[in-house]
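A.B. asks: There's a structure below that I have some questions on.
The values are calculated or read from the model by the stated rules, or taken from the named source; none is laboratory data. It should be emphasised that the depicted structure is a prediction, and the values quoted were computed from it without experimental measurement. FYI the Cβ positions are ideal-geometry reconstructions off the backbone, even for glycines, and counts take in every protein chain you see. For the accessible areas, the whole protein counts, side chains as well, though only heavy atoms, and no ligand, DNA or RNA atoms are used. Shrake-Rupley method; radii C 1.70, N 1.55, O 1.52, S 1.80 Å.
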Amino acid sequence: MSADAKERMQESSIAIGERSSYKRTWDLLAQEPDQAALAVAGHTDEATLELTAKGFIDTLRTTTGVGPDDVVLEIGCGIARVGKPLSRECLHWFGADISGVMLSHAAERTRGLPNVTLVELATVGLQEFPRDAFDLVYCTIVFMHLFEWDRYRYVEEAFRVLRPGGRCYFDNFPLDSKHGWSVFMESARYPVERRPSHLSMSSSREELGIYLRKAGFADVQVRDLPNELIAATGRKPD
Amino acid sequence: MSSQPEDTAKQVAALRAELEALRRRDAEFRANMVQEFLDHGERNTYVHVLHEERAALIKREQESFRDLEELTRKLEAEGGKVAALQAELARIKGSVAWMLSAPFRSLGGEPAAAPAGQTAAHAPVEGAPFTYYLHTSPFRIYRQKSFKLRGWAWPQDGRAVTAVRVNIGGRVFAGRHGIEEPEVIARYGPQPANPRPGFEVTFETPPGRHSLSVEAQIEGKEWRWIMRTTVWCEPEAR
């Protein structure tokens, strides 16, 4: 291989590495509480955060179900937008995120809630958690910021940490929706050399379904949600 | 004496309640298991120690930037006093009394000439109110040969920025402007005259103390400073 070719390869691996530096990316994006809320939810006021969280909890109710005895884990919980209200409806809510800075805002928002635990992930995966522990693992508005390999890694890890019979939920936006296409075109307008590492990338229905089936989940369903997201759900076999 | 169906219904209800209690105990056990796993897992590992050290270092860095900014402001205030005294001295030297007393002063010899100040290649420009943010803090000791300042700005009177530059000690470095800042626009709303308010300027940092001003050209005409400060460039570490 020529020196030029090696250099090109090296440059290419640096670029991909930037998107893989999830911890650095999200620690930077989460420096201020408002900035963190904007980065994960697109808005900053508490009323809207609560409203969108309730909308998502309704989605969970109709897809995986949520019960008062459920031990729940959210992957990529951010500022605990969903976890704060959901903790009132389950036995214990665990919020995991790769950004410690993001979790500091989550800690502030969930202060005083006795059944909430926040965990900073060291890297992609759920190695901080034991197997067969949770009734429900979900991951919302996260996959768009991850590479496909890392999306699958979280699905595999969700399978490991769920108890037999436990349920999972993963969502992303598809390209074939009005919203999905506008997100795609907005990102396409960035100059190549200035693309932020957290730019949103879509999933297809097939992709989400394959992840869950390959990881071992049963009863896999992929649905179109009213908010133009697609969601895959599954159950860990007993 | 109760009938047999009633007994059966009671037994079913009792069994259901027992099952519910059992499920709850199981869930509580799993929630506690995760907590214990977390307590005895990463928190006692070297990775966790490194995380804590990293967080402490980030905090220290932020504190030193704040101290440096405060010291800069104090020095600038002292610099203002020096300028006022120099103006007063110039006024005295231009007075009739000073000219009349010249022969007497020459008996004692002329005082040594003050070191010549750096001649600015570009005269300082006026300031104007801008809404701005600098992604890379200029409040630092500059140890590299050059520095890339990144940020965004727009004049509060709604006019368009047509160029951005940095003036450091009279040397001017042209920057690149018109860079997308979608998060900023999302937060502050559309800026019709400045839809892409981002900029970046790379400037050299010759050893010594210099005045630094970040300047914007308004609608292709006059230049106005966005912010200015004094900076130090340390030659030792080069």
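A.B. asks: How about B:Lys93: which lysines have a C-alpha closer than 16 Å to its C-alpha, ignoring those fewer than 8 places off in the same chain?
C.D. replies: Partners within reach: none.
A.B. asks: Can I ask one more? Could you work out how much longer the chain between B:Gln35 and B:Glu234 gets when fully extended? Use 0.36 nm per residue separation minus the Cα distance between them, nm to one decimal. Before the final figure, lay out the partial values.
C.D. replies: Details: separation 199, 0.36 × 199 = 71.64 nm, distance 4.92 nm.
Result for the pair: 66.7 nm of gain on full extension.
A.B. asks: Roughly how big is the A-B contact, given as buried accessible area in Å² (both sides, 1.4 Å probe, nearest 100)? Walk me through the numbers on the way to the answer.
C.D. replies: Numbers: alone 11730 and 17130 Å², together 26570 Å².
The A and B chains share an interface burying roughly 2300 Å².
A.B. asks: Oh, and also: Using 32 Å as the Cα-Cα cut-off, could you pick out the over-long pairs in A:Lys23/B:Lys74; A:Lys214/B:Lys59; B:Lys59/B:Lys221; A:Lys84/A:Lys236; B:Lys59/B:Lys145?
C.D. replies: Values: A:Lys23/B:Lys74 37 Å; A:Lys214/B:Lys59 43 Å; B:Lys59/B:Lys221 42 Å; A:Lys84/A:Lys236 26 Å; B:Lys59/B:Lys145 26 Å.
The answer is A:Lys23/B:Lys74; A:Lys214/B:Lys59; B:Lys59/B:Lys221.
A.B. asks: Moving on to the next point. Among A:Glu156, A:Glu186, A:Glu207, which one shows the biggest mean-square fluctuation in a GNM of chain A, springs joining Cα atoms closer than 10 Å?
C.D. replies: Highest fluctuation of the listed residues: A:Glu186.
A.B. asks: Now for a separate question. Can you give me the C-alpha center-to-center distance between region A:98-123 and region A:180-238, rounded to a whole angstrom?
C.D. replies: Cα centroid to Cα centroid, the span is 25 Å.
A.B. asks: Further question on the same structure: Take the alpha carbon gyration tensor of region B:130-233, find the square roots of its eigenvalues, order them as a ≥ b ≥ c, and report rounded if a/c is under 1.5; if not, report prolate when a/b exceeds b/c, else oblate. All intermediate terms of the calculation are to be shown ahead of the outcome.
C.D. replies: Details: a/c = 2.36, a/b = 1.73, b/c = 1.36.
Prolate.
A.B. asks: Can I ask one more? For region B:130-233, what's the relative contact order in percent, using C-alpha pairs closer than 8 Å and at least 6 residues apart? Present the calculation step by step, with values, prior to reporting the outcome.
C.D. replies: Numbers: 232 pairs, mean separation 33.8, N = 104.
Relative contact order comes out at 32 percent.
A.B. asks: Pick from A:Phe94, A:Phe173, A:Phe184 the residue whose mean-square fluctuation is largest in a GNM of chain A, springs joining Cα atoms under 10 Å.
C.D. replies: Among A:Phe94, A:Phe173, A:Phe184, the largest GNM mean-square fluctuation belongs to A:Phe184.
A.B. asks: Give me the percent relative contact order of region A:77-189, please, defined on Cα pairs under 8 angstrom at least 6 residues apart. Mind dumping the intermediate values first?
C.D. replies: Working: 145 pairs, mean separation 24.3, N = 113.
Once divided by the residue count of region A:77-189, the mean separation gives 22 percent.
A.B. asks: Return the aspartates and glutamates within reach of A:Lys178: Cα separation strictly under 15 angstrom, same-chain partners fewer than 8 residues apart disregarded; answer none if there are no such residues.
C.D. replies: Straight-distance partners of A:Lys178: A:Glu186, A:Asp224, A:Glu228.
A.B. asks: To continue, here is another question. Ignoring ligands, DNA and RNA, please state the percent of accessible area on the protein assembly as shown from carbon and sulfur, probe 1.4 Å. Display every interim value, and only then the final one.
C.D. replies: Values: 15040 of 26570 Å².
C and S atoms contribute 57 percent here.
A.B. asks: Averaged over B:28-38, how many beta carbons belonging to a partner chain fall within 10 Å of each residue's beta carbon?
C.D. replies: Working: counts 4, 2, 10, 14, 2, 5, 12, 3, 1, 5, 7.
Counting other chains' Cβ atoms within 10 Å and averaging over B:28-38 gives 6.
A.B. asks: Taking θ = phi - 60°, what integer Hz values does the Karplus form 6.51 cos²θ - 1.76 cosθ + 1.60 yield along region A:161-174, in sequence order, with x for Gly and Pro?
C.D. replies: Per residue, the Karplus-derived 3J(HN,Hα) values read 7, 6, 6, x, x, x, 10, 10, 8, 9, 9, 6, 9, x Hz.
A.B. asks: Relative contact order of chain A, please, whole-number percent, based on alpha carbon pairs below 8 angstrom and at least 6 residues apart. Don't skip to the answer; put the middle values down first.
C.D. replies: Values: 414 pairs, mean separation 39.2, N = 238.
Relative CO of chain A lands at 16 percent.
A.B. asks: Apply the a/c threshold of 1.5 to the C-alpha gyration tensor of region A:22-235 and tell me whether it is rounded, prolate or oblate.
C.D. replies: Values: a/c = 1.43, a/b = 1.11, b/c = 1.29.
Note, shape of region A:22-235 comes out rounded.
A.B. asks: Counting only other chains, and only Cβ atoms inside 10 Å, what mean value do you get across the residues of A:119-130? Before the final figure, lay out the partial values.
C.D. replies: Numbers: counts 5, 4, 1, 6, 1, 0, 0, 0, 3, 8, 5, 7.
For peptide A:119-130, the averaged partner shielding equals 3.
A.B. asks: Label the protein assembly as shown by shape, choosing from rounded, prolate and oblate, from the square roots a ≥ b ≥ c of the eigenvalues of the Cα gyration tensor; if a/c is under 1.5 it is rounded, and otherwise prolate applies when a/b is larger than b/c, oblate when it is not.
C.D. replies: Working: a/c = 2.83, a/b = 2.41, b/c = 1.17.
Cα axes put the protein assembly as shown in the prolate bin.
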